[in-house]
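Asker: Got a structure for you, questions after.
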Amino acid sequence: MHNNPACISHSSLEQETACFSGRYSTLVANPEATRMKRSGFVGINSVETGEQLDIDEYDHVVFRVHGDGRKYIANLRTENWLVGGRSHDVWQAFLFARKGQWQTVAIPLQHFLLTWKGQLVEQKTEINAKRVISVGISLAGGDALQPQGNYNLGLEWIKAERRMHGLQQRAG
C-alpha cells in the first residue's frame, strides 16, 4: 500500500514524516443493513486538547508534503463564536500536491471557506483565526473528483506563516 517514498523514508531534510494513506472508495458495503447512504470521505486531524492556536497574525497555512497527484483538502476547525465550543463548522481549502516530490504548499487564509458537515456555507463569514482548535487533511469529493484506489500523502510539517509584505514569521 505504501508506494509513496515519503511513507517509507525520511524527507529531503532527513526529518521523520507522517503518512496519510489507505484506499479511497465511494462504495457502501451492504447499504440495506446500515443507515449509511454515502461514502467517499477520509481524513486526519490534530488532537483537540482544549487549547486554542492563535494564527491571527499570519496570512498563510503552509504544508510540507510529498504528493501522489490527488486533490486533498486542508481543514481548520475553529471554536464556534456563536455557540462556543465544538461544532460541525470546518474551514476548508484545496491542497494540491504534485505527484512524486516533496513540496511546500502555501494556502492563503483567505482561501479557506466555511463548510458545515461537508457543505459550503453560502453566507460570507470571517474565519476566527484566534481560536483554531484543530488542523487536518481530508480526501473527499466522490467519483466526480477523486478516482477510487490507493492514496498516499507524506507530511513533514504544517505551519502558519506571514508571507505578505516580505515579512517572514512562523508559528508551528
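Asker: Criterion first (touching a residue at least 40 places away in the same chain (Cβ under 8 Å) and either open to solvent by 90 Å² or more (accessible area, probe 1.4 Å) or on the phi > 0 side of the Ramachandran plot (or both)) does Phe63 satisfy it? Spell out how you get there, then give the answer.
Answerer: Numbers: touching a residue at least 40 places away in the same chain (Cβ under 8 Å): yes; either open to solvent by 90 Å² or more (accessible area, probe 1.4 Å) or on the phi > 0 side of the Ramachandran plot (or both): no.
For Phe63, the condition - touching a residue at least 40 places away in the same chain (Cβ under 8 Å) and either open to solvent by 90 Å² or more (accessible area, probe 1.4 Å) or on the phi > 0 side of the Ramachandran plot (or both) - is not met.
Asker: Sticking with this structure for a sec: Can you tell me how many residues in region 101-125 are assigned to a strand (DSSP E or B), in contact with a strand residue (DSSP E or B) (Cβ under 7 Å, 6 or more places away or on another chain) and free of Cβ contacts under 8 Å to residues at least 12 places away in the same chain? Spell out the reasoning first.
Answerer: To start, the set of residues in region 101-125 that are assigned to a strand (DSSP E or B) comprises 102-108, 113-116, 119-120.
Filter once more, keeping what is in contact with a strand residue (DSSP E or B) (Cβ under 7 Å, 6 or more places away or on another chain): 102-108, 113-116, 120.
Filter once more, keeping what is free of Cβ contacts under 8 Å to residues at least 12 places away in the same chain: 120.
So the answer is 1.
Asker: Continuing with the same structure: What residue, among those in region 126-146 that are in contact (Cβ under 8 Å) with a residue 40 or more places away in the chain and assigned to a loop (DSSP other than H, G, I, E, B), is surrounded by the fewest Cβ atoms within 10 Å (Cβ to Cβ)? If you could, list the steps in order and put the result at the bottom.
Answerer: Of region 126-146, the ones in contact (Cβ under 8 Å) with a residue 40 or more places away in the chain are 127-143, 145-146.
Applying the additional criterion that residues be assigned to a loop (DSSP other than H, G, I, E, B) yields 127-131, 141, 146.
Details: Ile127: 18, Asn128: 18, Ala129: 20, Lys130: 14, Arg131: 17, Gly141: 16, Gln146: 20.
Residue satisfying both the conditions and the ranking: Lys130.
Asker: Please go through (1) farther than 19 Å from Arg70 by Cβ; (2) buried (at least 17 other Cβ atoms within 10 Å of the Cβ); (3) aromatic (Phe, Trp, Tyr) for Trp102 and return the number of the only condition it doesn't satisfy.
Answerer: Evaluating Trp102 over (1) farther than 19 Å from Arg70 by Cβ; (2) buried (at least 17 other Cβ atoms within 10 Å of the Cβ); (3) aromatic (Phe, Trp, Tyr) leaves (1) as the failure.
Asker: Applying the selection to region 34-61, what residues are more than 27 Å from Pro147 (Cβ to Cβ) and among the hydrophobic types (A, V, I, L, M, F, W, C)?
Answerer: Val47, Leu53, Ile55
Asker: Check region 73-86 and report whether any residue there is more than 15 Å from Ala140 (Cα to Cα), part of a strand (DSSP E or B) and open to solvent by less than 20 Å² (accessible area, probe 1.4 Å). Give the derivation first.
Answerer: Initial filter on region 73-86 (more than 15 Å from Ala140 (Cα to Cα)): 76-86.
So of that shortlist, the ones also part of a strand (DSSP E or B) come out as 76-78.
This time we only want the ones that are open to solvent by less than 20 Å² (accessible area, probe 1.4 Å), so: 76, 78.
Within region 73-86, one or more residues are more than 15 Å from Ala140 (Cα to Cα), part of a strand (DSSP E or B) and open to solvent by less than 20 Å² (accessible area, probe 1.4 Å).
Asker: Modelled with pLDDT of 75 or more, within 30 Å of Ala129 (Cα to Cα), open to solvent by less than 100 Å² (accessible area, probe 1.4 Å) and small (Gly, Ala, Ser) - does that describe any residue in region 33-48?
Answerer: Scanning region 33-48, I find at least one residue that is modelled with pLDDT of 75 or more, within 30 Å of Ala129 (Cα to Cα), open to solvent by less than 100 Å² (accessible area, probe 1.4 Å) and small (Gly, Ala, Ser), so the answer is yes.
Asker: What's the total number of residues in region 78-113 that are over 20 Å from Phe63 (Cβ atoms) and either among the aromatic types (Phe, Trp, Tyr) or at pLDDT 90 or above (or both)? Outline the logic, then answer.
Answerer: Taking region 78-113 first, the residues over 20 Å from Phe63 (Cβ atoms) are 79-89.
Right, trim to either among the aromatic types (Phe, Trp, Tyr) or at pLDDT 90 or above (or both) and you get 81.
Residues that pass the stated criteria total 1.
Asker: Restricting to region 14-65, give me the number of residues that are in contact with a Gly (Cβ under 7 Å, 6 or more places away or on another chain), within 28 Å of Asn80 (Cα to Cα) and in a loop (DSSP other than H, G, I, E, B).
Answerer: Residues flagged as in contact with a Gly (Cβ under 7 Å, 6 or more places away or on another chain), within 28 Å of Asn80 (Cα to Cα) and in a loop (DSSP other than H, G, I, E, B) within region 14-65 amount to 2.
The values are calculated or read from the model by the stated rules, or taken from the named source; none is laboratory data. This one's a predicted model, so the numbers in the text were calculated from it and none came from an experiment. Cβ sites come from the backbone with ideal geometry, for glycine too, and all protein chains shown count toward neighbours. Note: areas computed on protein heavy atoms with side chains; ligands, DNA, RNA excluded. Shrake-Rupley method; radii C 1.70, N 1.55, O 1.52, S 1.80 Å.
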